[in-house]
Amino acid sequence: MSDDSTTQSAGEQGSEGDASPERLALNDWHRAHGARMVPFAGYEMPIQYEGIVAEHDWTRESASLFDVSHMGQLGVSGPDDDMDAAAKALEALLPGAIGSLKPGRMRYSFLLDEDGGIIDDLMVTNAGERFGLVVNGACKWDDIAHLREHLPDEITLTHYDENALLALQGPKAAEVLGALVPEAADLNFMSAMYHDWDGVPLWIARAGYTGEDGYEIAVPSEHAEKLAEALVADNRVKPAGLGARDSLRLEAGLPLHGHDISTETDPVSADLTFALSKKRRETGGYAGHKAIAARLAEAEGNTLARKRVGLLLDGRMPAREGAEVFVGTARVGRVTSGGFSPTLGRPIAMAYVEPAHAAIGTALECEVRGRRLPATVSSMPFVPHRYYRGK
Amino acid sequence: MPRYFTDEHEWIDVEGDSATVGITDYAQEQLGDIVFVELPQVGAMLDKGGDAAVVESVKAASDVYSPISGEVTEANGALEDDPALVNSSPEEEGWFFRMTIGDAGELDGLMDDKGYKAFVDNL
(Lines give C-alpha, C1' and ligand atoms only; values in the text may rest on other atoms or scores of the structure.)
Protein backbone atom coordinates (compact mmCIF):
# COMPACT_ATOMS: atom_id res chain seq x y z
CA MET A 1 0.00 0.00 0.00
CA SER A 2 1.37 3.42 -0.81
CA ASP A 3 0.24 6.93 -1.62
CA ASP A 4 -0.25 7.71 -5.30
CA SER A 5 1.73 10.45 -6.92
CA THR A 6 -1.55 12.07 -7.91
CA THR A 7 -2.85 12.35 -4.38
CA GLN A 8 -3.85 15.66 -2.95
CA SER A 9 -3.30 15.43 0.72
CA ALA A 10 -3.36 18.68 2.59
CA GLY A 11 -0.54 17.30 4.62
CA GLU A 12 1.77 17.02 1.67
CA GLN A 13 1.16 20.32 0.00
CA GLY A 14 4.07 22.66 0.07
CA SER A 15 6.24 20.57 2.33
CA GLU A 16 9.73 21.94 2.27
CA GLY A 17 11.79 19.07 0.99
CA ASP A 18 14.85 18.39 3.11
CA ALA A 19 14.66 21.34 5.49
CA SER A 20 13.55 19.99 8.85
CA PRO A 21 10.18 21.45 9.73
CA GLU A 22 9.68 24.03 12.45
CA ARG A 23 7.57 23.44 15.54
CA LEU A 24 4.41 25.36 16.22
CA ALA A 25 3.92 27.09 19.57
CA LEU A 26 1.12 24.55 20.18
CA ASN A 27 3.18 21.54 19.06
CA ASP A 28 3.04 19.75 22.43
CA TRP A 29 -0.61 20.71 22.89
CA HIS A 30 -1.53 19.14 19.54
CA ARG A 31 0.29 15.92 20.38
CA ALA A 32 -1.31 15.78 23.82
CA HIS A 33 -4.70 16.04 22.07
CA GLY A 34 -3.90 13.06 19.87
CA ALA A 35 -2.93 14.88 16.67
CA ARG A 36 -1.11 13.15 13.86
CA MET A 37 1.56 15.61 12.77
CA VAL A 38 2.82 15.98 9.19
CA PRO A 39 5.24 18.40 7.55
CA PHE A 40 3.43 21.17 5.70
CA ALA A 41 4.61 24.61 4.60
CA GLY A 42 7.78 24.21 6.65
CA TYR A 43 6.03 23.28 9.89
CA GLU A 44 4.96 20.13 11.64
CA MET A 45 1.22 20.57 11.42
CA PRO A 46 -1.71 18.57 12.85
CA ILE A 47 -3.44 16.85 9.93
CA GLN A 48 -6.06 15.15 12.07
CA TYR A 49 -7.01 14.20 15.63
CA GLU A 50 -9.92 11.74 15.83
CA GLY A 51 -10.48 11.57 12.06
CA ILE A 52 -11.06 13.89 9.12
CA VAL A 53 -14.76 13.11 8.60
CA ALA A 54 -15.61 13.40 12.31
CA GLU A 55 -13.75 16.73 12.50
CA HIS A 56 -15.36 17.92 9.27
CA ASP A 57 -18.87 17.08 10.50
CA TRP A 58 -18.22 18.63 13.91
CA THR A 59 -17.20 21.89 12.24
CA ARG A 60 -20.44 21.95 10.26
CA GLU A 61 -22.62 21.24 13.30
CA SER A 62 -20.78 22.79 16.26
CA ALA A 63 -17.32 24.43 16.27
CA SER A 64 -13.71 23.40 15.66
CA LEU A 65 -10.39 24.91 16.61
CA PHE A 66 -7.74 24.94 13.86
CA ASP A 67 -4.13 26.00 14.38
CA VAL A 68 -3.18 27.96 11.26
CA SER A 69 -0.07 29.56 12.71
CA HIS A 70 1.90 28.53 9.61
CA MET A 71 0.19 31.37 7.78
CA GLY A 72 2.11 34.61 7.42
CA GLN A 73 0.92 37.55 9.51
CA LEU A 74 2.30 40.76 8.07
CA GLY A 75 1.88 44.46 8.79
CA VAL A 76 2.24 47.29 6.28
CA SER A 77 2.53 50.82 7.63
CA GLY A 78 3.40 54.23 6.27
CA PRO A 79 5.69 56.92 7.71
CA ASP A 80 4.18 58.21 11.00
CA ASP A 81 1.39 55.64 10.57
CA ASP A 82 0.21 57.44 7.44
CA MET A 83 -2.55 55.07 6.32
CA ASP A 84 -3.02 56.84 2.99
CA ALA A 85 0.61 56.22 2.10
CA ALA A 86 0.33 52.55 3.13
CA ALA A 87 -2.91 52.12 1.16
CA LYS A 88 -1.38 53.72 -1.91
CA ALA A 89 1.63 51.42 -1.72
CA LEU A 90 -0.56 48.33 -1.37
CA GLU A 91 -2.82 49.42 -4.21
CA ALA A 92 0.18 49.29 -6.52
CA LEU A 93 0.41 45.56 -5.81
CA LEU A 94 -3.18 44.45 -5.05
CA PRO A 95 -6.22 44.84 -7.33
CA GLY A 96 -8.55 45.74 -4.45
CA ALA A 97 -9.68 49.16 -3.22
CA ILE A 98 -7.51 49.32 -0.10
CA GLY A 99 -7.84 53.07 0.44
CA SER A 100 -11.60 52.79 0.91
CA LEU A 101 -11.29 50.03 3.50
CA LYS A 102 -12.60 51.43 6.80
CA PRO A 103 -10.85 50.73 10.11
CA GLY A 104 -11.76 47.24 11.30
CA ARG A 105 -12.85 46.07 7.86
CA MET A 106 -11.12 43.41 5.80
CA ARG A 107 -11.06 42.30 2.19
CA TYR A 108 -9.96 39.30 0.13
CA SER A 109 -7.30 40.19 -2.42
CA PHE A 110 -4.27 38.95 -4.35
CA LEU A 111 -0.63 39.63 -4.91
CA LEU A 112 -0.41 39.68 -8.70
CA ASP A 113 2.52 39.49 -11.05
CA GLU A 114 2.79 41.60 -14.21
CA ASP A 115 0.95 38.92 -16.22
CA GLY A 116 -1.99 38.96 -13.80
CA GLY A 117 -0.82 35.64 -12.35
CA ILE A 118 -1.70 35.02 -8.71
CA ILE A 119 1.45 35.06 -6.56
CA ASP A 120 -0.78 34.52 -3.52
CA ASP A 121 -4.27 35.21 -2.25
CA LEU A 122 -4.62 36.98 1.07
CA MET A 123 -6.77 38.87 3.54
CA VAL A 124 -6.03 42.55 4.08
CA THR A 125 -7.41 44.34 7.15
CA ASN A 126 -7.42 48.01 8.06
CA ALA A 127 -6.03 47.68 11.57
CA GLY A 128 -6.15 51.37 12.35
CA GLU A 129 -2.46 52.28 12.31
CA ARG A 130 -1.42 49.78 9.69
CA PHE A 131 -2.80 47.23 7.26
CA GLY A 132 -2.66 43.63 8.37
CA LEU A 133 -2.06 40.95 5.75
CA VAL A 134 -2.63 37.23 6.28
CA VAL A 135 -0.94 35.19 3.55
CA ASN A 136 -0.57 31.47 2.82
CA GLY A 137 2.03 29.62 4.85
CA ALA A 138 3.52 27.89 1.83
CA CYS A 139 4.03 31.26 0.04
CA LYS A 140 4.89 33.58 2.88
CA TRP A 141 8.64 33.81 2.31
CA ASP A 142 8.14 34.54 -1.39
CA ASP A 143 5.41 37.05 -0.52
CA ILE A 144 7.70 38.83 1.93
CA ALA A 145 10.47 38.98 -0.68
CA HIS A 146 8.00 40.29 -3.27
CA LEU A 147 6.66 42.95 -0.89
CA ARG A 148 10.14 44.02 0.20
CA GLU A 149 11.18 44.37 -3.41
CA HIS A 150 8.13 46.34 -4.55
CA LEU A 151 7.02 48.42 -1.56
CA PRO A 152 8.57 51.92 -1.47
CA ASP A 153 11.35 52.51 1.07
CA GLU A 154 9.23 54.67 3.38
CA ILE A 155 6.74 51.82 3.84
CA THR A 156 7.47 49.46 6.72
CA LEU A 157 6.79 45.74 6.37
CA THR A 158 6.62 43.79 9.63
CA HIS A 159 6.44 40.01 9.93
CA TYR A 160 4.57 39.08 13.11
CA ASP A 161 6.25 35.72 13.35
CA GLU A 162 5.90 35.75 17.15
CA ASN A 163 2.12 35.44 16.74
CA ALA A 164 0.09 32.26 16.54
CA LEU A 165 -3.14 32.19 14.53
CA LEU A 166 -6.09 30.10 15.74
CA ALA A 167 -9.28 29.66 13.71
CA LEU A 168 -12.53 28.90 15.53
CA GLN A 169 -15.02 27.79 12.89
CA GLY A 170 -18.58 26.52 12.99
CA PRO A 171 -22.15 27.59 13.71
CA LYS A 172 -21.48 27.66 17.47
CA ALA A 173 -18.26 29.67 17.18
CA ALA A 174 -19.98 32.96 18.05
CA GLU A 175 -21.60 31.58 21.22
CA VAL A 176 -18.30 30.09 22.30
CA LEU A 177 -16.08 33.10 21.67
CA GLY A 178 -18.86 35.41 22.85
CA ALA A 179 -18.61 33.79 26.29
CA LEU A 180 -14.95 34.92 26.47
CA VAL A 181 -15.18 38.14 24.44
CA PRO A 182 -18.79 39.41 24.39
CA GLU A 183 -18.17 42.02 21.63
CA ALA A 184 -16.95 39.28 19.29
CA ALA A 185 -20.48 37.90 18.96
CA ASP A 186 -21.64 41.14 17.30
CA LEU A 187 -18.72 41.47 14.92
CA ASN A 188 -19.82 41.19 11.28
CA PHE A 189 -18.30 38.88 8.69
CA MET A 190 -15.10 40.40 7.23
CA SER A 191 -14.63 42.69 10.22
CA ALA A 192 -11.92 42.63 12.85
CA MET A 193 -11.37 44.00 16.32
CA TYR A 194 -8.69 44.27 18.97
CA HIS A 195 -9.38 42.87 22.41
CA ASP A 196 -7.40 42.83 25.62
CA TRP A 197 -8.16 39.40 27.09
CA ASP A 198 -6.88 39.44 30.69
CA GLY A 199 -3.77 41.20 29.47
CA VAL A 200 -3.41 39.03 26.35
CA PRO A 201 -3.71 41.10 23.17
CA LEU A 202 -6.00 39.42 20.64
CA TRP A 203 -6.77 40.41 17.04
CA ILE A 204 -10.10 38.84 16.25
CA ALA A 205 -11.33 38.65 12.65
CA ARG A 206 -14.74 37.25 11.70
CA ALA A 207 -13.55 35.24 8.73
CA GLY A 208 -12.28 31.79 7.87
CA TYR A 209 -11.75 29.10 5.30
CA THR A 210 -14.56 26.64 5.97
CA GLY A 211 -17.69 28.42 4.71
CA GLU A 212 -19.00 28.47 8.28
CA ASP A 213 -19.36 31.40 10.62
CA GLY A 214 -16.27 31.82 12.74
CA TYR A 215 -13.12 33.68 13.63
CA GLU A 216 -9.41 33.83 13.06
CA ILE A 217 -7.64 35.00 16.18
CA ALA A 218 -4.08 36.28 16.27
CA VAL A 219 -2.47 35.76 19.66
CA PRO A 220 1.12 36.06 20.91
CA SER A 221 2.66 32.57 20.74
CA GLU A 222 3.37 32.43 24.48
CA HIS A 223 -0.36 32.80 25.16
CA ALA A 224 -1.61 30.50 22.38
CA GLU A 225 -2.00 27.53 24.70
CA LYS A 226 -4.02 29.53 27.21
CA LEU A 227 -6.40 30.62 24.44
CA ALA A 228 -6.64 27.12 22.92
CA GLU A 229 -7.38 25.65 26.36
CA ALA A 230 -10.04 28.27 27.07
CA LEU A 231 -11.74 27.47 23.77
CA VAL A 232 -11.69 23.66 23.98
CA ALA A 233 -12.79 23.87 27.62
CA ASP A 234 -16.18 24.60 26.04
CA ASN A 235 -17.55 21.19 25.08
CA ARG A 236 -18.96 22.63 21.86
CA VAL A 237 -15.37 22.93 20.58
CA LYS A 238 -12.97 20.19 19.45
CA PRO A 239 -9.61 20.56 17.74
CA ALA A 240 -9.53 19.87 13.98
CA GLY A 241 -6.64 19.42 11.57
CA LEU A 242 -5.55 20.37 8.09
CA GLY A 243 -7.36 17.39 6.56
CA ALA A 244 -10.79 18.67 7.61
CA ARG A 245 -9.76 22.21 6.73
CA ASP A 246 -9.13 21.04 3.16
CA SER A 247 -12.41 19.12 2.76
CA LEU A 248 -14.34 22.02 4.32
CA ARG A 249 -12.83 24.67 2.06
CA LEU A 250 -13.45 22.46 -0.99
CA GLU A 251 -17.16 22.18 -0.10
CA ALA A 252 -17.19 25.95 0.45
CA GLY A 253 -15.82 26.46 -3.09
CA LEU A 254 -12.78 28.32 -1.75
CA PRO A 255 -9.68 27.97 -3.91
CA LEU A 256 -6.39 26.68 -2.52
CA HIS A 257 -3.28 28.50 -3.72
CA GLY A 258 -0.74 26.28 -5.45
CA HIS A 259 -3.60 24.10 -6.71
CA ASP A 260 -6.72 26.01 -7.82
CA ILE A 261 -4.92 29.32 -8.25
CA SER A 262 -1.28 30.10 -9.00
CA THR A 263 0.89 32.34 -11.18
CA GLU A 264 -0.36 30.18 -14.06
CA THR A 265 -3.91 31.39 -13.45
CA ASP A 266 -5.48 34.81 -12.92
CA PRO A 267 -8.45 36.09 -10.87
CA VAL A 268 -10.75 36.29 -13.91
CA SER A 269 -10.15 32.72 -15.11
CA ALA A 270 -10.37 31.62 -11.48
CA ASP A 271 -13.88 33.15 -11.30
CA LEU A 272 -12.81 35.45 -8.47
CA THR A 273 -13.68 38.73 -10.16
CA PHE A 274 -15.66 39.76 -7.05
CA ALA A 275 -12.26 40.59 -5.55
CA LEU A 276 -11.37 42.94 -8.42
CA SER A 277 -12.81 46.24 -7.25
CA LYS A 278 -14.95 47.87 -9.96
CA LYS A 279 -13.27 51.23 -9.64
CA ARG A 280 -9.79 49.80 -9.88
CA ARG A 281 -10.67 47.72 -12.94
CA GLU A 282 -10.97 51.09 -14.69
CA THR A 283 -8.32 53.17 -12.94
CA GLY A 284 -5.78 50.33 -12.89
CA GLY A 285 -2.38 51.25 -11.49
CA TYR A 286 -1.60 47.81 -10.07
CA ALA A 287 0.72 45.05 -11.16
CA GLY A 288 -1.00 42.88 -13.74
CA HIS A 289 -3.77 45.37 -14.54
CA LYS A 290 -3.18 45.21 -18.30
CA ALA A 291 -3.46 41.44 -18.33
CA ILE A 292 -6.48 41.51 -16.01
CA ALA A 293 -8.24 44.04 -18.27
CA ALA A 294 -7.60 41.75 -21.24
CA ARG A 295 -8.98 38.71 -19.34
CA LEU A 296 -12.06 40.71 -18.29
CA ALA A 297 -12.70 41.64 -21.94
CA GLU A 298 -12.33 37.98 -22.90
CA ALA A 299 -14.74 36.95 -20.14
CA GLU A 300 -17.21 39.51 -21.50
CA GLY A 301 -16.94 37.97 -24.98
CA ASN A 302 -16.86 34.41 -23.63
CA THR A 303 -13.44 33.85 -25.17
CA LEU A 304 -11.43 33.07 -22.04
CA ALA A 305 -9.10 30.12 -22.57
CA ARG A 306 -10.44 28.44 -19.44
CA LYS A 307 -12.49 29.03 -16.36
CA ARG A 308 -12.64 27.56 -12.84
CA VAL A 309 -15.84 25.60 -12.22
CA GLY A 310 -17.23 23.23 -9.63
CA LEU A 311 -17.94 19.59 -10.52
CA LEU A 312 -20.34 17.19 -8.80
CA LEU A 313 -19.39 13.59 -9.57
CA ASP A 314 -21.64 10.57 -9.71
CA GLY A 315 -20.77 7.51 -7.62
CA ARG A 316 -18.20 7.46 -4.85
CA MET A 317 -14.84 7.50 -6.63
CA PRO A 318 -13.15 10.91 -6.31
CA ALA A 319 -11.37 12.71 -9.15
CA ARG A 320 -8.35 14.40 -7.68
CA GLU A 321 -5.88 17.05 -8.78
CA GLY A 322 -4.55 16.30 -12.25
CA ALA A 323 -7.52 14.27 -13.50
CA GLU A 324 -8.40 15.27 -17.06
CA VAL A 325 -11.88 16.43 -17.99
CA PHE A 326 -13.53 15.27 -21.22
CA VAL A 327 -16.54 15.80 -23.43
CA GLY A 328 -16.65 12.64 -25.50
CA THR A 329 -13.13 12.23 -26.87
CA ALA A 330 -12.26 15.92 -26.52
CA ARG A 331 -10.15 16.90 -23.54
CA VAL A 332 -11.65 20.16 -22.27
CA GLY A 333 -10.04 20.70 -18.88
CA ARG A 334 -8.29 19.49 -15.78
CA VAL A 335 -9.18 19.00 -12.11
CA THR A 336 -7.18 21.26 -9.75
CA SER A 337 -8.52 19.86 -6.51
CA GLY A 338 -11.02 17.21 -5.68
CA GLY A 339 -12.09 14.79 -3.02
CA PHE A 340 -14.98 13.22 -1.25
CA SER A 341 -17.49 15.62 0.29
CA PRO A 342 -18.48 14.32 3.73
CA THR A 343 -21.47 16.69 3.82
CA LEU A 344 -22.86 15.68 0.42
CA GLY A 345 -21.73 12.05 0.57
CA ARG A 346 -20.30 12.18 -2.96
CA PRO A 347 -17.15 13.37 -4.70
CA ILE A 348 -16.72 17.02 -5.64
CA ALA A 349 -13.98 18.85 -7.49
CA MET A 350 -12.78 22.14 -8.86
CA ALA A 351 -11.55 22.16 -12.44
CA TYR A 352 -10.50 24.55 -15.16
CA VAL A 353 -12.52 23.92 -18.32
CA GLU A 354 -13.04 25.68 -21.63
CA PRO A 355 -15.86 28.24 -21.25
CA ALA A 356 -17.97 26.44 -23.87
CA HIS A 357 -18.31 23.64 -21.30
CA ALA A 358 -18.49 25.77 -18.17
CA ALA A 359 -22.24 26.45 -17.93
CA ILE A 360 -23.97 25.14 -14.79
CA GLY A 361 -25.50 21.74 -15.55
CA THR A 362 -23.10 20.80 -18.36
CA ALA A 363 -22.42 17.04 -18.43
CA LEU A 364 -18.68 16.24 -18.46
CA GLU A 365 -16.49 13.25 -17.63
CA CYS A 366 -13.40 13.02 -15.43
CA GLU A 367 -10.84 10.37 -16.27
CA VAL A 368 -9.41 8.51 -13.29
CA ARG A 369 -7.13 5.51 -13.78
CA GLY A 370 -8.58 4.88 -17.21
CA ARG A 371 -12.18 5.13 -16.07
CA ARG A 372 -14.61 7.85 -17.07
CA LEU A 373 -16.58 9.28 -14.16
CA PRO A 374 -19.74 11.26 -15.02
CA ALA A 375 -19.61 14.81 -13.64
CA THR A 376 -21.89 17.85 -13.80
CA VAL A 377 -20.80 21.46 -13.70
CA SER A 378 -22.18 22.83 -10.44
CA SER A 379 -22.42 26.27 -8.89
CA MET A 380 -20.16 26.87 -5.92
CA PRO A 381 -20.18 26.78 -2.97
CA PHE A 382 -21.21 23.14 -2.95
CA VAL A 383 -22.38 23.62 0.64
CA PRO A 384 -23.93 27.04 1.38
CA HIS A 385 -21.86 29.62 3.25
CA ARG A 386 -23.21 30.59 6.65
CA TYR A 387 -21.41 33.84 7.34
CA TYR A 388 -22.69 36.30 9.95
CA ARG A 389 -23.71 39.58 8.36
CA GLY A 390 -25.53 41.18 11.26
CA LYS A 391 -29.06 40.94 12.54
CA MET B 1 -5.14 -20.97 8.43
CA PRO B 2 -1.85 -19.11 8.17
CA ARG B 3 -1.87 -15.34 7.71
CA TYR B 4 1.05 -13.50 6.20
CA PHE B 5 1.85 -9.79 5.94
CA THR B 6 3.72 -7.56 3.50
CA ASP B 7 5.84 -4.53 4.31
CA GLU B 8 3.25 -2.54 2.31
CA HIS B 9 0.65 -3.42 4.97
CA GLU B 10 -1.40 -6.00 3.10
CA TRP B 11 -2.44 -9.24 4.80
CA ILE B 12 -3.03 -12.57 3.04
CA ASP B 13 -4.85 -15.59 4.46
CA VAL B 14 -3.94 -18.88 2.84
CA GLU B 15 -6.48 -21.70 2.67
CA GLY B 16 -5.48 -24.61 0.48
CA ASP B 17 -4.73 -23.27 -2.99
CA SER B 18 -6.68 -20.07 -2.49
CA ALA B 19 -5.91 -16.86 -0.59
CA THR B 20 -7.82 -13.82 0.73
CA VAL B 21 -6.20 -10.36 0.69
CA GLY B 22 -6.90 -7.17 2.60
CA ILE B 23 -5.11 -4.27 4.29
CA THR B 24 -4.06 -4.26 7.91
CA ASP B 25 -5.53 -2.40 10.84
CA TYR B 26 -2.39 -0.27 10.90
CA ALA B 27 -2.96 0.64 7.24
CA GLN B 28 -6.59 1.67 7.68
CA GLU B 29 -5.61 3.70 10.74
CA GLN B 30 -3.01 5.56 8.65
CA LEU B 31 -5.43 6.13 5.76
CA GLY B 32 -8.30 7.44 7.85
CA ASP B 33 -11.90 7.50 6.62
CA ILE B 34 -12.17 5.31 3.53
CA VAL B 35 -14.76 6.46 1.01
CA PHE B 36 -14.16 4.17 -1.97
CA VAL B 37 -12.30 0.98 -2.84
CA GLU B 38 -11.50 0.12 -6.43
CA LEU B 39 -11.23 -3.67 -6.57
CA PRO B 40 -9.68 -5.84 -9.29
CA GLN B 41 -11.90 -7.64 -11.82
CA VAL B 42 -12.53 -11.32 -11.34
CA GLY B 43 -10.19 -13.10 -13.74
CA ALA B 44 -7.49 -10.42 -13.56
CA MET B 45 -3.97 -11.81 -13.36
CA LEU B 46 -1.96 -10.14 -10.60
CA ASP B 47 1.80 -10.06 -10.17
CA LYS B 48 3.49 -10.16 -6.80
CA GLY B 49 4.07 -6.54 -5.79
CA GLY B 50 1.96 -5.25 -8.69
CA ASP B 51 -1.06 -2.95 -8.48
CA ALA B 52 -4.15 -4.78 -7.26
CA ALA B 53 -6.58 -2.23 -5.84
CA VAL B 54 -6.89 1.46 -4.95
CA VAL B 55 -8.17 2.77 -1.64
CA GLU B 56 -9.58 6.28 -1.61
CA SER B 57 -9.67 8.03 1.74
CA VAL B 58 -10.98 11.54 2.22
CA LYS B 59 -7.41 12.73 1.99
CA ALA B 60 -5.73 10.64 -0.71
CA ALA B 61 -5.72 7.70 -3.10
CA SER B 62 -3.43 4.84 -2.16
CA ASP B 63 -2.37 1.77 -4.12
CA VAL B 64 -2.77 -1.71 -2.73
CA TYR B 65 -0.34 -4.30 -4.07
CA SER B 66 -0.80 -8.01 -4.55
CA PRO B 67 1.23 -9.96 -1.96
CA ILE B 68 1.70 -12.85 -4.42
CA SER B 69 1.02 -13.71 -8.07
CA GLY B 70 -2.26 -15.31 -9.04
CA GLU B 71 -5.69 -14.90 -10.56
CA VAL B 72 -8.51 -12.95 -8.90
CA THR B 73 -11.44 -15.27 -8.16
CA GLU B 74 -13.72 -12.99 -6.14
CA ALA B 75 -13.94 -9.32 -5.09
CA ASN B 76 -15.66 -8.23 -1.87
CA GLY B 77 -18.91 -6.71 -3.13
CA ALA B 78 -19.77 -5.48 0.38
CA LEU B 79 -17.14 -2.76 -0.02
CA GLU B 80 -19.08 -1.18 -2.87
CA ASP B 81 -21.96 -0.21 -0.61
CA ASP B 82 -19.96 0.21 2.56
CA PRO B 83 -16.29 1.06 1.99
CA ALA B 84 -16.04 2.06 5.67
CA LEU B 85 -15.95 -1.70 6.44
CA VAL B 86 -12.23 -1.36 5.75
CA ASN B 87 -12.03 1.00 8.74
CA SER B 88 -14.34 -0.93 11.05
CA SER B 89 -13.22 -4.47 10.22
CA PRO B 90 -10.03 -4.30 8.13
CA GLU B 91 -8.81 -7.82 8.83
CA GLU B 92 -12.17 -9.62 8.58
CA GLU B 93 -15.29 -8.24 6.86
CA GLY B 94 -13.28 -5.56 5.05
CA TRP B 95 -11.29 -8.05 2.94
CA PHE B 96 -10.56 -6.94 -0.63
CA PHE B 97 -10.35 -9.96 -2.93
CA ARG B 98 -9.68 -13.70 -3.20
CA MET B 99 -7.07 -15.15 -5.54
CA THR B 100 -5.36 -18.33 -6.61
CA ILE B 101 -1.85 -19.03 -5.39
CA GLY B 102 0.33 -18.99 -8.50
CA ASP B 103 3.55 -19.89 -6.71
CA ALA B 104 3.44 -20.95 -3.05
CA GLY B 105 7.15 -20.15 -2.85
CA GLU B 106 6.28 -16.45 -2.99
CA LEU B 107 4.76 -16.72 0.50
CA ASP B 108 8.18 -17.46 1.97
CA GLY B 109 9.37 -13.88 1.89
CA LEU B 110 6.33 -12.56 3.75
CA MET B 111 6.08 -11.84 7.49
CA ASP B 112 4.04 -13.77 10.03
CA ASP B 113 1.96 -11.86 12.61
CA LYS B 114 4.84 -11.59 15.08
CA GLY B 115 7.16 -10.34 12.38
CA TYR B 116 4.63 -7.81 11.16
CA LYS B 117 3.94 -6.54 14.67
CA ALA B 118 7.65 -5.97 15.21
CA PHE B 119 7.84 -4.27 11.80
CA VAL B 120 5.00 -1.87 12.66
CA ASP B 121 6.40 -1.17 16.13
CA ASN B 122 9.58 0.06 14.47
CA LEU B 123 7.81 2.49 12.11
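From the list B:GLY43, B:GLY22, B:GLY49, which residue is more than 7 Å from chain A (Cβ to nearest Cβ), crowded, with 21+ Cβ neighbours inside 10 Å and not polar (S, T, N, Q)?
Working: B:GLY43 fails: crowded, with 21+ Cβ neighbours inside 10 Å; B:GLY49 fails: crowded, with 21+ Cβ neighbours inside 10 Å.
None of the others qualify; the one that does is B:GLY22.
Exactly one condition in (1) assigned to a helix (DSSP H, G or I); (2) small (Gly, Ala, Ser); (3) touching a residue at least 12 places away in the same chain (Cβ under 8 Å) is false for A:GLY116; which is it?
In the conditions (1) assigned to a helix (DSSP H, G or I); (2) small (Gly, Ala, Ser); (3) touching a residue at least 12 places away in the same chain (Cβ under 8 Å), A:GLY116 misses (1) alone.
Mind checking which residues of the stretch A:26-69 are at negative phi and free of Cβ contacts under 8 Å to residues at least 12 places away in the same chain?
We begin by selecting, within the stretch A:26-69, every residue at negative phi; these are A:26-33, A:35-40, A:43-50, A:52-69.
Once the filter is applied, which keeps residues that are at negative phi and free of Cβ contacts under 8 Å to residues at least 12 places away in the same chain, the stretch A:26-69 yields A:ASP28, A:ARG31, A:ALA32, A:MET37, A:ALA54.
Name, by its number, the condition in (1) outside any strand (DSSP E or B); (2) touching a helix residue (DSSP H, G or I) at 6+ places or on another chain (Cβ under 9 Å); (3) surrounded by 15 or more Cβ atoms within 10 Å (Cβ to Cβ) that does not hold for B:GLU93.
With respect to (1) outside any strand (DSSP E or B); (2) touching a helix residue (DSSP H, G or I) at 6+ places or on another chain (Cβ under 9 Å); (3) surrounded by 15 or more Cβ atoms within 10 Å (Cβ to Cβ), B:GLU93 is out only on (3).
Each row is one residue, and each column tells you yes or no for (1) modelled with pLDDT of 85 or more; (2) within 22 Å of the chain's Cα centre (by Cα); (3) more than 30 Å from B:ILE68 (Cα to Cα).
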residue: A:ASP4; (1), (2), (3): no, no, no
residue: A:GLU16; (1), (2), (3): no, yes, yes
residue: A:SER20; (1), (2), (3): yes, no, yes
residue: A:TRP29; (1), (2), (3): yes, no, yes
residue: A:GLY34; (1), (2), (3): yes, no, yes
residue: A:PRO39; (1), (2), (3): yes, yes, yes
residue: A:ILE47; (1), (2), (3): yes, yes, yes
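Of all residues in the stretch B:4-13, count the ones that are more than 14 Å from chain A (Cβ to nearest Cβ) and crowded, with 18+ Cβ neighbours inside 10 Å. Break it down stepwise before answering.
Our first condition is that a residue be more than 14 Å from chain A (Cβ to nearest Cβ); within the stretch B:4-13, this holds for B:4, B:13.
Filter again for crowded, with 18+ Cβ neighbours inside 10 Å, leaving B:4.
Within the stretch B:4-13, residues that are more than 14 Å from chain A (Cβ to nearest Cβ) and crowded, with 18+ Cβ neighbours inside 10 Å number 1.
What are the residues in the stretch A:26-42 that are surrounded by 21 or more Cβ atoms within 10 Å (Cβ to Cβ) and away from chain B (no Cβ under 14 Å), if any?
A:LEU26, A:HIS30, A:ALA41
Restricting to the stretch A:53-85, give me the number of residues that are aromatic (Phe, Trp, Tyr) and assigned to a helix (DSSP H, G or I). Talk me through it step by step, then tell me what you get.
The first filter runs over the stretch A:53-85 and keeps only residues aromatic (Phe, Trp, Tyr), leaving A:58, A:66.
With assigned to a helix (DSSP H, G or I) added as a condition, the list becomes A:58.
The number of residues fulfilling the criteria is 1.
Out of A:PRO255, A:PRO182, report the one residue that is under 18 Å from A:VAL135 (Cα atoms) and either in the same structural domain as A:SER62 (by TED's automatic domain parsing) or at pLDDT 95 or above (or both). Spell out the reasoning first.
Details: A:PRO182 fails: under 18 Å from A:VAL135 (Cα atoms).
The match here is A:PRO255.
So which of B:VAL72, B:VAL86, B:VAL120 ends up being in contact (Cβ under 8 Å) with a residue 12 or more places away in the chain and touching a Pro at 6+ places or on another chain (Cβ under 7 Å)? Step through it out loud before you land on a result.
Working: B:VAL86 fails: touching a Pro at 6+ places or on another chain (Cβ under 7 Å); B:VAL120 fails: touching a Pro at 6+ places or on another chain (Cβ under 7 Å).
Checking each option against the conditions leaves just B:VAL72.
In this structure, is A:ALA233 buried (at least 16 other Cβ atoms within 10 Å of the Cβ) and assigned by TED's automatic domain parsing to the domain that holds A:MET45? If you could, list the steps in order and put the result at the bottom.
On the way: buried (at least 16 other Cβ atoms within 10 Å of the Cβ): no; assigned by TED's automatic domain parsing to the domain that holds A:MET45: yes.
Criteria not met by A:ALA233.
Every residue in the stretch B:55-81 that is among the aliphatic types (A, V, I, L, M), in a strand (DSSP E or B) and within 16 Å of A:PRO347 (Cα to Cα), please. Step through it out loud before you land on a result.
Looking only at the stretch B:55-81, we keep the residues that are among the aliphatic types (A, V, I, L, M), and these are B:55, B:58, B:60-61, B:64, B:68, B:72, B:75, B:78-79.
Among the residues that remain, those that are also in a strand (DSSP E or B) are: B:55, B:61, B:64, B:72, B:75.
The answer is B:VAL55, B:ALA61.
Scan the stretch A:267-283 and give yes if some residue there is in contact (Cβ under 8 Å) with a residue 12 or more places away in the chain, surrounded by fewer than 17 Cβ atoms within 10 Å (Cβ to Cβ), basic (Lys, Arg) and more than 21 Å from A:ARG306 (Cα to Cα), otherwise no.
There is at least one residue in the stretch A:267-283 that is in contact (Cβ under 8 Å) with a residue 12 or more places away in the chain, surrounded by fewer than 17 Cβ atoms within 10 Å (Cβ to Cβ), basic (Lys, Arg) and more than 21 Å from A:ARG306 (Cα to Cα).
Condition first: more than 9 Å from chain A (Cβ to nearest Cβ), in contact (Cβ under 8 Å) with a residue 40 or more places away in the chain and under 21 Å from B:LEU110 (Cβ atoms). Now tell me which residues in the stretch B:25-38 satisfy that.
B:ASP25, B:TYR26, B:GLN28
Quick one: A:THR156 ticks every box in (1) in contact (Cβ under 8 Å) with a residue 40 or more places away in the chain; (2) buried (at least 20 other Cβ atoms within 10 Å of the Cβ) bar one, so which box is it?
(2)
The values are calculated or read from the model by the stated rules, or taken from the named source; none is laboratory data. Here the structure is a predicted model, which means the values were calculated and not measured. Methodologically, a virtual Cβ is constructed for each residue, glycine included, from the backbone with ideal geometry; neighbour enumeration extends over all protein chains shown.
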